[in-house]
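Take a look at the structure set out below.
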Amino acid sequence: MGIKQVKRRSSKLSISKPDTAMQSSQTYNFTRKKVHLFVLSVMIFGVIALFGISLIMRGNFSPADESPQFYSIQVLNEFPHDPQAFTQGLVFAGNDTIFESTGLYGQSSVRRVALQSGKVEALQEMDGSDFGEGLTLLGERLFQVTWLTKTGFIYDRRNLRKIKKFTHQMHDGWGLATDGKVLFGSDGTSTLYLLDKRTLKVIRKHVVKYGNHEVRYLNELEYVNGEVWANVWQTDCIARISPKDGTLLGWILLEELRKGLLGAGHRGIDVLNGIAWDSKDKRLYVTGKLWPKLYEIQLHPMKKRVNNGAIKQLCVP
């Protein structure tokens, strides 16, 4: 038997009949492995827990941490629009039909308009003391608010007959929209209101901010794919807002529309106002007060980030 064979046998014997010292060493090694496994398990659990907390926090607060997106537009179609219509609310109702609320004392109305021709097919004139504002369609009824008051009106969509008058809890009446479950309202401040569709009482409200700046003058509203879109009065901007918490999700920049009208000689136009969304065919329409045209537009994300100072100047009066 060579030396290597003797070593193998000795080793084999020592394993089969360990002495006390070897037993202590094995016990120590086994205990140390248990400790290592325990520490490793605690570390893994801690990482998982931290990751889970991070996801929860991200789920609750991510919109506030993420920068708003910016969108330019492409005009797909242009349609005639009554240049005497001081547009305050715009609603797409299917079959190329638009409902529109117009303002100004003595000129306010609710009307049904043919999209393709711009022809006013039905008209409900308002009292001279009422200044029409935002409009939305919920089922078979049109809801409209009025300026400088806490009152509004409900109309039958089929014939525009006034059904009843209601009161609300906003400071003023500017914009209305709906997702079919609640009504969204604006009153010219930075607050987005959620109203019970039956009682018209405020059930929640959110202050909309861009960074640390409140986005005031939220005006005409539209519910689009889970978001509330708002014209910002006296600007060429539409704010995309989360109805869950009021987070500002993005800006749509439309200054080229007004510039185009002015360049074509339409000097009597007022500000951009009026958003209508065709949820079935995914078509988006916009117009403005005293604008001779209504536009079908498509959004395009802007690849180059817009300077914050420029956005504040354009969109945050």
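The values are calculated or read from the model by the stated rules, or taken from the named source; none is laboratory data. Computed from a predicted structure; not experimentally measured. FYI the Cβ positions are ideal-geometry reconstructions off the backbone, even for glycines, and counts take in every protein chain you see. Just the protein is used for accessible areas: all its heavy atoms, side chains included, with ligands, DNA and RNA removed. Shrake-Rupley method; radii C 1.70, N 1.55, O 1.52, S 1.80 Å.
Suppose we filter Val113, Val145 for residues that are more than 22 Å from the chain's Cα centre (by Cα) and surrounded by 21 or more Cβ atoms within 10 Å (Cβ to Cβ); which single one remains?
Details: Val145 fails: more than 22 Å from the chain's Cα centre (by Cα).
Among Val113, Val145, only Val113 is more than 22 Å from the chain's Cα centre (by Cα) and surrounded by 21 or more Cβ atoms within 10 Å (Cβ to Cβ).
Residue count for region 245-264 satisfying the condition of being open to solvent by 50 Å² or more (accessible area, probe 1.4 Å) and in contact (Cβ under 8 Å) with a residue 12 or more places away in the chain: 4. Flag: Leu137 does not match the condition of being closer than 17 Å to Asn273 by Cα and within 27 Å of the chain's Cα centre (by Cα). Restricting the first member to region 295-308 and to residues that are closer than 16 Å to Glu255 by Cβ, and the second to residues that are small (Gly, Ala, Ser) and open to solvent by less than 90 Å² (accessible area, probe 1.4 Å), the beta-carbon pairs closer than 7 Å and six or more apart or on different chains are His300/Ser72; Met302/Ser72.
Here are some residues: Val182, Val208, Val215. Which one is open to solvent by 10 Å² or more (accessible area, probe 1.4 Å), hydrophobic (A, V, I, L, M, F, W, C) and under 21 Å from Ile275 (Cα atoms)? So that I can check it myself, show each step before the final result.
On the way: Val208 fails: open to solvent by 10 Å² or more (accessible area, probe 1.4 Å); Val215 fails: open to solvent by 10 Å² or more (accessible area, probe 1.4 Å).
Of the residues listed, the single one that is open to solvent by 10 Å² or more (accessible area, probe 1.4 Å), hydrophobic (A, V, I, L, M, F, W, C) and under 21 Å from Ile275 (Cα atoms) is Val182.
Would you say Phe131 is open to solvent by less than 60 Å² (accessible area, probe 1.4 Å), within 26 Å of the chain's Cα centre (by Cα) and of a type in the set (Phe, Trp, Tyr)? No; evaluated as a whole, the condition is false for this residue. Every test in (1) surrounded by fewer than 24 Cβ atoms within 10 Å (Cβ to Cβ); (2) farther than 22 Å from Val110 by Cα; (3) out of contact with any helix residue (DSSP H, G or I) (no Cβ under 7 Å at 6 or more places or on another chain) is passed by Leu192 save one, and that test is (1).
Being open to solvent by less than 70 Å² (accessible area, probe 1.4 Å) and more than 17 Å from Val91 (Cβ to Cβ) is the filter here; which residues of region 273-301 pass it? Reasoning before the result, please.
Narrowing region 273-301 to residues open to solvent by less than 70 Å² (accessible area, probe 1.4 Å): 273-278, 283-297, 299-300.
Across region 273-301, the qualifying residues are Leu290, Pro292, Lys293, Leu299, His300.
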